[in-house]
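Below: one structure, written as structure tokens.
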Amino acid sequence: MNRHGARKYLTTKQAAEYLGLSPRTLERMRREGGGPVYRKHGRHVLYHIDDLDAWSKARAQHSTAGQPVQGELPFEYPTDDRGNLPS
């Protein structure tokens, strides 16, 4: 926790609740790609709250036509040729 009592890292369940998704959706996104960046701390999967906010902001839409918010580009994390995030 930081000095204000807020957690910087969230579990899958906490991150899903924060984003309004189900934990299963985040698990599927980890397997298939397209989800927010996550970290492995030992066997634990954790999401940094700043990464969740950035991922959500990158998906801002004005309509169901799928056009990004004016002046913003869709956000994608860099991956290697196998689709994995760099270490």
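The values are calculated or read from the model by the stated rules, or taken from the named source; none is laboratory data. The model shown is predicted, which means the values in this text are computed figures rather than measured ones. All Cβ positions, even for glycine, are placed from backbone atoms using ideal geometry, and neighbour counts span all protein chains on display.
At-a-glance table
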| quantity | calculated |
| --- | --- |
| Residue count for region 6-30, restricted to those that are more than 20 Å from Ala58 (Cβ to Cβ) and either within 10 Å of the chain's Cα centre (by Cα) or loosely packed, with under 11 Cβ neighbours inside 10 Å (or both) | 2 |
| Those residues of region 12-46 which are small (Gly, Ala, Ser) and either part of a helix (DSSP H, G or I) or in contact with a Phe, Trp or Tyr (Cβ under 6 Å, 6 or more places away or on another chain) (or both), in sequence order | Ala15, Ala16 |
| Positions within region 1-25 being at pLDDT 95 or above, out of contact with any Leu (no Cβ under 8 Å at 6 or more places or on another chain) and not basic (Lys, Arg), in sequence order | Gln14, Glu17, Gly20, Leu21, Ser22, Pro23, Thr25 |
| Of residues in region 47-75 being aromatic (Phe, Trp, Tyr) and not in a helix (DSSP H, G or I), the one modelled with the lowest pLDDT | Phe75 |
